[in-house]
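Notes follow once the structure below has been shown.
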Amino acid sequence: MSSTDDDWASFNRRRQPRPPRELLRRTLGCIEYAGAEPGVAVDLGCGSGADALEMLQAGWTVHAVDADPVGLALLAESAGPELAARLQVHQARFEDFEFPACDLVWAGYSLPFCPATALPAVWQSIVGALRPNGRFAGDFFGDRHGFSGSDDVHVLTEAALRSMLAGLSIEAFDTEDGWRPSGGVITRWHAFGVSAIRNPKPPHPLAHDGA
Ligand SMILES: C[S@@+](CC[C@H](N)C(=O)[O-])C[C@H]1O[C@@H](n2cnc3c(N)ncnc32)[C@H](O)[C@@H]1O
């Protein structure tokens, strides 16, 4: 697998519209049930923006980040003037983006395409941007994924991912280990969907003394 800017532009054109991802909806539900108001979210690698739209519709202020201008333009068009008042689009690479202080960073199937050498610094920026009780949620490819070994996709073992998440409290850790249609072919799919909180405070059930 090789992803050029043109590949992402045509991927993002094809992907519009689609339903929001279940992991995002679950994460937003946990935030709502914890009694928090919608805050500031970053949609990292937003593509054509189905998930950014879901957050806007739920009342969040959204910073949508992607290197591909085609996806960002589709998102701005679908948001319309009312939701666009709470939307900021950033045509930027993850490696260069200056994260605002935020309550949620959502990265739906985007961080596996961040260069592996840049991931540690990007991850530090993500965690550093989260306010107390802020969440990271998103997807990573596992080491048995069919894209493992590709030049521009990186995969993580479960142990490496859990170690990356060590400073956060894990709210969800989903594993998919099988096959699914992707890009027109049945693809070996090994992925982790995670949601994790920075310094959870009571009354969240994951909060504990010293958290
Ligand atoms: C697989 S798509 C996922 C899009 C969307 N989040 C979704 O779930 O449908 C990956 C997206 O990340 C963007 N992307 C990949 N690497 C990037 C990087 N290093 N900086 C900025 N955007 C990047 C691509 O342009 C593409 O829109």
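A DSSP coil position with no more than 16 other Cβ atoms inside 10 Å describes the following chymotrypsin sites (Phe, Trp or Tyr not before Pro) in region 88-146: Tyr109. DSSP beta bridges fully contained in the chain are about 50 percent antiparallel.
Think of the chain as having a plus end and a minus end, set by charges on the Cβ of Lys, Arg, Asp and Glu; of Thr27, Ser78, Ala9, Thr27 sits farthest toward the positive end of this dipole. Based solely on its DSSP helices, what 222 nm [θ] is calculated for the chain when runs of n ≥ 4 H residues each add -39,500 (n - 2.57) and the sum is averaged over all residues, nearest 500 deg cm²/dmol? The per-residue figure over the chain is -9000 deg cm²/dmol. Amide H contacts of His63 (H built 1.01 Å from N, in plane; Pro and chain starts excluded): Ala41, Val42, Asp43, Gln88 sit under 5 Å, all sequence-distant by 5 or more or on other chains. For region 1-108, applying the loop criterion from DSSP together with a ceiling of 10 other beta carbons within 10 Å to the GluC sites (Glu not before Pro) yields Glu98.
Pull out a ≥ b ≥ c, the square roots of the eigenvalues of the alpha-carbon gyration tensor of region 1-89, then state rounded if a/c is under 1.5, prolate if not and a/b is larger than b/c, and oblate in the remaining case. Could you put the intermediate results ahead of the total?
Details: a/c = 2.28, a/b = 1.65, b/c = 1.39.
Prolate shape, in that a/c is at least 1.5 and a/b is the bigger ratio.
For the chain, the square roots a ≥ b ≥ c of the C-alpha gyration tensor eigenvalues yield an a/c of 1.5 or more together with a/b not exceeding b/c, which makes the shape oblate.
Using the Kirkwood radius over Cα pairs, work out the Stokes-Einstein diffusion coefficient for region 89-208 at 25 °C and 0.890 mPa s, in µm²/s as a whole number.
For the chosen part, D equals 161 µm²/s.
Summary value for the chain: 18 percent relative contact order, contacts being C-alpha pairs under 8 angstrom separated by 6+ residues.
The stretch between Lys201 and Thr157 holds 12.9 nm of extra length on full extension. This uses 0.36 nm per residue minus the Cα-Cα distance.
Every number here is computed from the coordinates shown, using simple stated rules; none is lab data. Predicted model, so just to flag it, every value in this text is computed and none were measured. Cβ sites come from the backbone with ideal geometry, for glycine too, and all protein chains shown count toward neighbours.
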